[in-house]
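Below is one structure, written out as structure tokens; comments come after it.
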Amino acid sequence: MTLIRIPQSWQIPEAEVTPEEVFYNRRRFMKNLIGAGLGMTALPLAGCDTTTGVPPAASKYSQYPNLIHNPRFADAKRPITDQSLSSRFNNFYEFGTGKGIWKAAQALPTDNWKVEVTGLVNNPRTYDLDDLNQRFPLEERVYRFRCVEAWAMVVPWVGFPMKLLVKDAEPTSKAKFVRLTSYYNEKISLGPKWLPFSTVPWPYTEGMRLDEMTNDLAFFATGIYGHSLPKQHGAPIRAVIPWKYGFKGAKSIVKIEFVEEQPSTFWNAIAPNEYGFEANVDPNVPHPRWSQATEKIMGKGASFTWEKQPTIIYNGYGEYVASLYS
Ligand SMILES: Nc1nc2c(c(=O)[nH]1)N[C@H]1C(S)=C(S)[C@@H](COP(=O)(O)O)O[C@H]1N2
Ligand SMILES: [Mo]
């Protein structure tokens, strides 16, 4: 019974791409699963949920009466990916290693969410979600998105530039980096149980330099497609850093910590030679196991088809960020 369900998340369309998951090759993975004797209890009951957590189209924008449609980021020069695709093809390892985790992710408890801002700042503070959505003017930005696995999409996020939160926090002159920590609860985030547990540095963490964080583009998203983030996209708040590979964008953030040294981060700790800390999109730097010269853009209309195209340096955002790396 149990094992019948597991392969579902591995079915097409994810078979189309080479996921980070390959790091744990599938056979070893299945063996671990059987060896560990994981029974029905390891399978989230939330899997029974048949909704993707995506509100009906009628509610689009109604929760955002003052939304700014930032004209600089209104057109990503590629069509926006259909929501029915992007909300069913996700990476969120806390809820499983396949792309079809949208059902399992509905188990994420988002009520009374708190985000702690801490570390080398003059104004440490714990925000709740209303604080965040009211304190910072919300805008919509259509960004290109590029996963290190070489799939890509175009998504209209709702949120606010990270630099507004930085200003609020007032980092001290010692602060050089930020570390973002994702929600983690071993009892709810059942995905980890499917991995060789001791080798995986949960919770998921990510980070960047302070000058990257205060770049115009770096964004905290609390919504997508004109409504709140569905859980599988990292509700209620996640990072979006469009010139870097997707894994830099930590989901379901609970802690934002300003630090002096480059922090240890999830994928970088697992495989430093495969997932560098900087992780800027670059067609000329291949992943050790695949080329980054081209990418596959998700969908055309509402079906999972993939169109190959050349990868652009900094995911096409060089005019904003190239000077950070000169
Ligand atoms: N907490 C957490 N954040 C995460 C991940 C994850 O597994 N856990 N996966 C990352 C990767 S590899 C990608 S490509 C994006 C995917 O975002 P999406 O599913 O909303 O498209 O989330 C990133 N953020
Ligand atoms: Mo990714």
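Could we say that Glu20 is of a type outside the set (Lys, Arg), modelled with pLDDT under 50, touching an Asp or Glu at 6+ places or on another chain (Cβ under 8 Å) and within 16 Å of ligand 2 (Cβ to nearest atom) here? Yes: the conditions hold for Glu20. The set of residues in region 292-326 that are polar (S, T, N, Q) and either more than 17 Å from Val148 (Cβ to Cβ) or without any contact (Cβ under 8 Å) to a residue 12 or more places away in the chain (or both) comprises Ser303, Thr305, Ser323, Ser326. Among the residues here, Glu295 qualifies as assigned to a strand (DSSP E or B) and open to solvent by less than 50 Å² (accessible area, probe 1.4 Å).
Being under 18 Å from the mean Cα position of the chain (by Cα), within 16 Å of ligand 2 (Cβ to nearest atom), open to solvent by 10 Å² or more (accessible area, probe 1.4 Å) and farther than 19 Å from Pro79 by Cα is true of Gly276. Residues that are assigned to a helix (DSSP H, G or I) and exposed (fewer than 14 other Cβ atoms within 10 Å of the Cβ) within region 298-319 comprise just one, Glu319. Only residues that are within 21 Å of Asp111 (Cα to Cα) and in contact with a Ser or Thr (Cβ under 7 Å, 6 or more places away or on another chain) were counted in region 244-269, giving 6. Looking only at region 139-165, filter to residues that are touching a Pro at 6+ places or on another chain (Cβ under 7 Å) and of a type outside the set (Lys, Arg); which one of those is nearest to ligand 2 (Cβ to nearest atom)? That would be Glu149. For region 73-96, taking the residues that are touching a strand residue (DSSP E or B) at 6+ places or on another chain (Cβ under 7 Å) and of a type in the set (Phe, Trp, Tyr), the one that is nearest to ligand 2 (Cβ to nearest atom) is identified as Phe89. The number of residues in region 211-237 being open to solvent by 10 Å² or more (accessible area, probe 1.4 Å), within 12 Å of ligand 1 (Cβ to nearest atom) and touching a Lys or Arg at 6+ places or on another chain (Cβ under 6 Å) comes to 0.
Of the candidates Asn66, Asn91, the single residue that is loosely packed, with under 15 Cβ neighbours inside 10 Å and either part of a loop (DSSP other than H, G, I, E, B) or more than 19 Å from the chain's Cα centre (by Cα) (or both) is Asn66.
Is there a residue being assigned to a strand (DSSP E or B) and touching a Lys or Arg at 6+ places or on another chain (Cβ under 9 Å) anywhere in region 263-280?
yes
Among the residues making up region 252-273, those that are within 14 Å of ligand 1 (Cβ to nearest atom) and open to solvent by 20 Å² or more (accessible area, probe 1.4 Å) are Val254, Lys255, Asn268, Ala269, Ile270.
Take residues that are among the basic types (Lys, Arg) and tell me which of the strands (runs of 3 or more DSSP E) falling wholly in region 134-217 contain 2 or more. Step through it out loud before you land on a result.
Working: elements: 139-146, 151-161, 177-182, 205-209.
Ranges flagged: 139-146.
Residues in region 230-244 that are in a loop (DSSP other than H, G, I, E, B) and under 19 Å from Ile101 (Cβ atoms): Pro230, Gly234, Ala235, Pro236, Ile237.
Please specify each residue of region 122-154 satisfying the condition of being surrounded by fewer than 22 Cβ atoms within 10 Å (Cβ to Cβ), over 13 Å from Ile256 (Cα atoms) and β-branched (Val, Ile, Thr). Val142, Val154, listed by residue number. Restricting region 298-326 to residues that are of a type in the set (A, V, I, L, M, F, W, C) and modelled with pLDDT of 95 or more leaves a set whose member that is nearest to Gln83 (Cα to Cα) is Ile312.
Every residue, every condition in (1) within 17 Å of Thr118 (Cα to Cα); (2) within 14 Å of ligand 2 (Cβ to nearest atom); (3) modelled with pLDDT of 95 or more; (4) not β-branched (Val, Ile, Thr), yes or no:
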site	(1), (2), (3), (4)
Leu195	no, no, no, yes
Val200	no, no, no, no
Arg209	yes, no, yes, yes
Asp216	no, no, yes, yes
Ser228	no, no, yes, yes
Lys231	no, no, yes, yes
Ala235	no, no, yes, yes
Ile256	yes, no, yes, no
Ala271	no, yes, no, yes
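The values are calculated or read from the model by the stated rules, or taken from the named source; none is laboratory data. Bear in mind the structure is a predicted one, so any value in this text is a computation, not a measurement. In this analysis, Cβ positions are derived from the backbone assuming ideal geometry, glycine residues included, and neighbour counts consider all displayed protein chains. Accessible surface areas use protein heavy atoms only, side chains included; no ligands, DNA or RNA. Shrake-Rupley method; radii C 1.70, N 1.55, O 1.52, S 1.80 Å.
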